[in-house]
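The values are calculated or read from the model by the stated rules, or taken from the named source; none is laboratory data. As the structure is a computational prediction, the values presented were derived from the model and not from experiment. When we count neighbours, we look across all protein chains shown, and the Cβ atoms used for this are built from the backbone with ideal geometry, even at glycine.
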Amino acid sequence: MADLLRRAIGFLTDAEPPSRPGDFSTARRVLPISAMAIAIGALSAVVALALLRLIGFFTNLFFFLRLGTRLVSPAGSHLGPVLLIVPVLGGLVVGLMARYGSERIRGHGIPEAIEAILINGSKMEPKVTLLKPVSAAISIGSGGPFGAEGPIIVTGGALGSMIAQFFHLTSAERRTLLVAGAAGGMSATFASPVAAVLLAVEVLLFEWKPRSLIPVALASATAALLRPYLIGQGPLFPVPHHAASLGPGALAACLLVGFLAGALAVVLTTAVYAAEDAFHRLPFHWMWWPAIGGVAVGAGGLIFPRALGVGYDTIGVMLRGDNTATLIAGVLLVKSTIWAVSLGSGTSGGVLAPLLMMGAALGGLEARFLPGEGAGFWPLISMAAVLGGTMRAPFTGVIFALELTHDVNALLPLLVAVIVAHAVTVLVLRRSILTEKVARRGYNLGSEYAPDPLELLLVREVMQTAIVVLSPDLTLRDVASRLHRKLPSRTQRLYPVVDASGALLGIATRDSLQDGIDHLSADGAPDGPHGDTSIAQHIVRDPSVAFVDEPLAQVAFRMAETGFTRLPVLERGPARRVVGMVSLADLLRGRSRVLDEERVRERVIRLRWLLPRRGPRQPHGEEGVPTAPAPPTGA
């Protein structure tokens, strides 16, 4: 029984990837990590509920001077000119918490999660788990024009990271659990489990592998399962379903909507970092910046009260088609301005809800001159396009809009508009609103996903087959007389030692053999008194090897672990027959194929009846047939 239990534990905790090549490199270790992710997803749903209640508590306290946890809009308060002071007080408290608590609570959360993943080994301070939601609730509850999703994402991530740090895990496993907590928090907040997973993949994970995708998806699904019992049913913004198909004119209008959404995304991103640069030029400590930004928030609230707070109710109004000129102007001018200023000040808050609101307002403006496709159609398409373009997460933008509204008929126009907005921002801006903050801290972040050529190429495609192998019966005199004759260029630095059947017994390096030859006699002559000395003492047994059917990526990892830049290549099986050699230079040749694919242009098919033939006519017959590789040469 004990032996069976040990085997079961060993099966579940095996961290080694499969030795043979396959579609994926995921090991059975994903099973216990998934179990931990499910628990973190459940806790993240509770954290999401707690943060929403905390935002409601501070909103009621600041604007209505009462105790309560229900989410309400600050626009319904009757504070009058006193409203100008409330965001300043909230900003002052947040600044003090950041200065004397943790500076990690500043910002809208997602860049901080990215930085923890990339730079800090997916380790977040435990106090961030407490301070981030409290600071965000104070900031939003005092009128900050933010959403709750950014703080929930970073709080859920901090929770996952903190739990992971109690266990013996790798940095990659901690990253998976951190992102699982973030995805669970977003899933519970918006009832959007699929969009939460896509956001994790497009923005946080920096990989598309089952080892991370499976736990994150299970965490998101768990949080979505608990949401009806904790927060309520979805969708968050129900809308009347629109037409199942659109005409060419409407789809062409989606191109325009995507272009305008991309332009707005560029303006918003530029405005946020222009505001941040302006705050950096102030002669005050950054602790005071949120309070200074609160002055702009309070002034904006006096002009347009609906610009304050989360604004979920305002988004719902615009998606139902109630887009008055006052509402559109207030969101596009006032909300966007105070959002950029406040976010640039370094206070705590999220960006998803404000982007949705500003995108919906742009769609309401476009609905005045675009073809009528039903109430709230263009606000829905535009808000997804602005979100996807600003965050450089197009698939998240599409699926997020579907899960928020359950309007599946809008899938095609959403795809067109979001992709166009994404194209505009990619071509105009070097970085997104998320990655720009990370770059300003001195770290470059690539956001493109492509197959690694070293994962696609196998050792047999780049290995050297014309190599010299040695017999264990050779003497140093034999080596001295034969090696220089066979390899006058001295290019081979490592010699496999094989038996009569070609099976690997060990390796010998040129340097080691040369040292033995140099000591054959006092004058270094190969016919000295020790010339018959066997090479056995120069053989390294059980060397690191590569297999002919291994991906080059595994060989690269093995070289990095061992420090060896040349490995003998074997056939799989008990015979262990040597078939070649692979070196670091061979790996670089495999990597260079990517450059050829990117840079070399060629015409594969020539239209002979349109293009004149150039040069003499070639004779018939097969061309370009590769020759068989030369077998290893014995010495």
Could you grab me the full set of residues in segment 344-385 that are surrounded by 24 or more Cβ atoms within 10 Å (Cβ to Cβ) and touching a His at 6+ places or on another chain (Cβ under 6 Å)?
Gly349, Gly350, Val351, Phe377
Show me the helices (runs of 4 or more DSSP H) entirely contained within segment 284-335 in which 2 or more residues are farther than 24 Å from Gly90 by Cα.
312-319, 325-329
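Going through Leu67, Leu96, Leu89 one at a time, which residue ends up being surrounded by fewer than 24 Cβ atoms within 10 Å (Cβ to Cβ), free of Cβ contacts under 8 Å to residues at least 24 places away in the same chain and assigned by TED's automatic domain parsing to the domain that holds Thr189?
Only one candidate passes the filter, namely Leu67.
Any residue in segment 278-291 that is basic (Lys, Arg) and crowded, with 20+ Cβ neighbours inside 10 Å?
Within segment 278-291, not a single residue is basic (Lys, Arg) and crowded, with 20+ Cβ neighbours inside 10 Å.
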Among Gly156, Gly141, which is under 21 Å from Trp289 (Cβ atoms) and over 16 Å from the mean Cα position of the chain (by Cα)?
Gly141
So for segment 251-269 (the condition being surrounded by fewer than 17 Cβ atoms within 10 Å (Cβ to Cβ), assigned by TED's automatic domain parsing to the domain that holds Ala353 and of a type in the set (S, T, N, Q)), does at least one residue qualify?
no
Matching residues in segment 343-392 - criterion: being touching a Ser or Thr at 6+ places or on another chain (Cβ under 7 Å), among the hydroxyl-bearing types (Ser, Thr, Tyr) and in a helix (DSSP H, G or I):
Thr390
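Table: residues versus (1) at pLDDT 80 or above; (2) farther than 29 Å from Ala556 by Cβ.
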site: Glu436; (1), (2): yes, yes
site: Gly442; (1), (2): no, no
site: Gly446; (1), (2): no, no
site: Met463; (1), (2): yes, no
site: Leu476; (1), (2): no, yes
site: Val479; (1), (2): no, yes
